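Chemist: The following block contains the structure, expressed as structure tokens.
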Amino acid sequence: MHVPQWLALLIAGAVILFGFFRLYLAFAGPSDEERAQARRGLYAMPRWQHGLVGTLFLFVAGALIATAYGWNPVAQKVQPTAPAHGSSGGSNSITIEPK
């Protein structure tokens, strides 16, 4: 299955935006007094965890962008070879030549 490049880049853009939002909450977000009043959702996490998660989101977005442009981290390092002369390409095929 092939994912279109524009879709991968769109998802990477959303991940980047959310990563920057998490970094905002880590460094310049609401004060600790305001956070203490609203101890639900994202505000329940300490600032260092927001920084860690935001950084991870940016790394994931970088990997998404790299894979959209052709980077494949699980590809084999061996170069594919051409099939032998006279072979039809399959490894289970047998070629019978007339005499």
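Chemist: Taking the condition within 21 Å of A61 (Cβ to Cβ) and among the polar types (S, T, N, Q), does Q49 pass?
Modeler: For Q49, the condition - within 21 Å of A61 (Cβ to Cβ) and among the polar types (S, T, N, Q) - is met.
Chemist: Another question, then. Inspect the stretch 75-85 for any residue being more than 19 Å from G19 (Cβ to Cβ), surrounded by fewer than 14 Cβ atoms within 10 Å (Cβ to Cβ) and at pLDDT 70 or above and give the result as yes or no.
Modeler: Within the stretch 75-85 (the criterion being more than 19 Å from G19 (Cβ to Cβ), surrounded by fewer than 14 Cβ atoms within 10 Å (Cβ to Cβ) and at pLDDT 70 or above), the answer is yes, since at least one residue qualifies.
The values are calculated or read from the model by the stated rules, or taken from the named source; none is laboratory data. Since this is a predicted model, take the numbers as computed values, not measurements. In this analysis, Cβ positions are derived from the backbone assuming ideal geometry, glycine residues included, and neighbour counts consider all displayed protein chains.
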